[in-house]
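*Asks:* Following this message is one structure expressed as structure tokens.
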Amino acid sequence: MLFDTCKEWLKGQGMEAMDGPVNFGERDTFWGLLVENFTDPNIYSMNYNPPYYRTLFENYGFKLYFEQYAVKRPMESAQQVYFDKSEEIRKDPNFKTINIRGMSWDKVAQDFMTVYNDAWGGHDGFKEMTLESAQKAMQKLKPLVDKDIVLFSYYNDRPIAFYVNIPELNQTFRYLNGKLNLIGKLKFLYHKYARTSRIMLGIVFGVARDFQGRGVEAALVIHGHYTILPLKRYDTTIICWIGDFNPKMLKLRDNLGFSNWRTWITYRYLFDRAAPYERAPILGSEHNTDKG
């Protein structure tokens, strides 16, 4: 009944298809139907659903539009290929990578917006990020962040890349029993500063289009090798939301030795059942990584 109601309403608005599960905000959270690994604890801001949902969608007629993955690896030394790929750009005196310790949140928001728009501009359905929306995003991030694991790269002081990680929050929230009252907030602060979470969650990774393929991605990884690994705060790292249409991020996954840990599917249902069906197009070399 829900699918039927959605279909008829959307057809009445002139739509030709419906996708799901999606949210009404950015693609990086609560997007897609979980289809693999229902036993491990869920990760922050990613959908969880019972296994039978897949049958429900597919029996109705939804078809796979794209898969997205969460990938996982132990916190350990980066592969030699990343040292090699990053060597040239890391020797360039105009290039630097730093964490956000000591940076104002206004600067973090400004630089995040700049890289985001440089990296994702030109993507299908791309909506340019405003400074206001970047500032709101950073305000949400502020109480959660470990400043040592949010990295930005610059060239001649122009922000050109970021690798944003946070401690995996469900590792902390499980101690709150679903209650974010005063006691819950105190518990959250305790576990935050006690660094209870031993999982580093990568929530977004991006490089300005004119710097892609120049070793910047590798330089970010190597900077983390030299600055994050020695902290010994995390045992595991997870990167979520790598789309199967994104060959650059799939290659990064493979080169870094990540293994697929969870899989979600975003489905599409064409209202014209006789129309030819196509999966999500593969991102070309002119595009940057999506969420990773």
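*Asks:* Could you look through the stretch 151-205, keep only residues that are surrounded by 18 or more Cβ atoms within 10 Å (Cβ to Cβ) and charged (D, E, K, R), and pick out the one that is farthest from Thr237 (Cα to Cα)?
*Replies:* Per the criteria, the residue is Lys187.
*Asks:* Shifting gears a bit: Every residue in the stretch 150-187 that is free of Cβ contacts under 8 Å to residues at least 12 places away in the same chain and farther than 30 Å from Ser86 by Cβ, please.
*Replies:* Asn177, Gly178, Lys179, Leu180, Asn181, Leu182, Ile183, Gly184, Lys185, Leu186
*Asks:* Shifting gears a bit: Is there any pair linking a residue in the stretch 263-276 that is under 24 Å from Val35 (Cβ atoms) to one that is of a type in the set (Ser, Thr, Tyr) and part of a strand (DSSP E or B), with Cβ under 7 Å and at least six apart or on different chains, and which?
*Replies:* Final answer for the pair search is Thr263/Tyr69; Thr266/Tyr65; Tyr267/Tyr65; Arg268/Tyr65.
*Asks:* Of all residues in the stretch 248-275 being touching a Lys or Arg at 6+ places or on another chain (Cβ under 7 Å) and within 23 Å of Gln79 (Cα to Cα), which is surrounded by the fewest Cβ atoms within 10 Å (Cβ to Cβ)?
*Replies:* Ser259
*Asks:* While we're on this one: Within the stretch 14-66, track down each residue that is more than 22 Å from Leu2 (Cα to Cα), among the β-branched types (Val, Ile, Thr) and surrounded by fewer than 15 Cβ atoms within 10 Å (Cβ to Cβ).
*Replies:* Thr39
Here is a yes/no grid of residues against (1) at pLDDT below 90; (2) of a type in the set (Lys, Arg); (3) assigned to a strand (DSSP E or B):
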residue: Arg214; (1), (2), (3): no, yes, no
residue: Lys251; (1), (2), (3): yes, yes, no
residue: Asp272; (1), (2), (3): no, no, no
residue: Tyr277; (1), (2), (3): no, no, no
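*Asks:* Moving on to the next point. Only one residue in Lys96, Lys72 is basic (Lys, Arg) and either surrounded by 17 or more Cβ atoms within 10 Å (Cβ to Cβ) or out of contact with any Phe, Trp or Tyr (no Cβ under 6 Å at 6 or more places or on another chain) (or both), so which one is that?
*Replies:* None of the other options fit; the residue is Lys72.
*Asks:* Next up: So which residues in the stretch 90-111 are aromatic (Phe, Trp, Tyr) and closer than 18 Å to Gly224 by Cα, if there are any at all?
*Replies:* The answer is Phe95, and nothing else.
*Asks:* Condition first: in a helix (DSSP H, G or I), modelled with pLDDT of 95 or more and either closer than 15 Å to Val221 by Cβ or among the aromatic types (Phe, Trp, Tyr) (or both). Now tell me which residues in the stretch 129-173 satisfy that.
*Replies:* Ile149
Matching residues to (1) in contact with a helix residue (DSSP H, G or I) (Cβ under 6 Å, 6 or more places away or on another chain); (2) of a type outside the set (Phe, Trp, Tyr):
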{"residue": "Ala194", "(1), (2)": "no, yes"}
{"residue": "Leu201", "(1), (2)": "no, yes"}
{"residue": "Val221", "(1), (2)": "yes, yes"}
{"residue": "Tyr226", "(1), (2)": "no, no"}
{"residue": "Trp241", "(1), (2)": "no, no"}
{"residue": "Met249", "(1), (2)": "no, yes"}
{"residue": "Arg262", "(1), (2)": "no, yes"}
{"residue": "Leu270", "(1), (2)": "no, yes"}
{"residue": "Ala280", "(1), (2)": "no, yes"}
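*Asks:* Could you tell me whether Asp148 is surrounded by fewer than 20 Cβ atoms within 10 Å (Cβ to Cβ), of a type in the set (Asp, Glu), at negative phi and in contact with a strand residue (DSSP E or B) (Cβ under 7 Å, 6 or more places away or on another chain)?
*Replies:* yes
*Asks:* Quick one: how many residues across the stretch 191-226 are hydroxyl-bearing (Ser, Thr, Tyr) and in contact with an Asp or Glu (Cβ under 7 Å, 6 or more places away or on another chain)?
*Replies:* So the count comes out to 1.
*Asks:* Further question: For the stretch 221-247, what are the residues that are assigned to a helix (DSSP H, G or I), surrounded by fewer than 21 Cβ atoms within 10 Å (Cβ to Cβ) and within 16 Å of the chain's Cα centre (by Cα)?
*Replies:* Of everything in the stretch 221-247, just one residue is assigned to a helix (DSSP H, G or I), surrounded by fewer than 21 Cβ atoms within 10 Å (Cβ to Cβ) and within 16 Å of the chain's Cα centre (by Cα), namely Pro247.
*Asks:* Answer yes or no as to whether Trp241 is modelled with pLDDT of 95 or more and within 28 Å of Arg198 (Cβ to Cβ).
*Replies:* No.
*Asks:* Restricting attention to the stretch 85-121, which residues are under 17 Å from Asn165 (Cβ atoms) and among the hydroxyl-bearing types (Ser, Thr, Tyr)?
*Replies:* Across the stretch 85-121, the qualifying residues are Thr97, Tyr116.
*Asks:* Which one is modelled with the lowest pLDDT, of the residues in the stretch 190-212 that are assigned to a loop (DSSP other than H, G, I, E, B) and either of a type in the set (A, V, I, L, M, F, W, C) or out of contact with any Phe, Trp or Tyr (no Cβ under 6 Å at 6 or more places or on another chain) (or both)?
*Replies:* Filtering first and then ranking leaves Ala194.
*Asks:* Answer with yes or no whether Thr236 is out of contact with any Leu (no Cβ under 9 Å at 6 or more places or on another chain), modelled with pLDDT of 90 or more and not basic (Lys, Arg).
*Replies:* yes
The values are calculated or read from the model by the stated rules, or taken from the named source; none is laboratory data. All values derive from a computational prediction rather than experimental measurement. Heads up, the Cβs are rebuilt from the backbone with ideal geometry, glycines too, and the neighbour counts pull from every protein chain shown.
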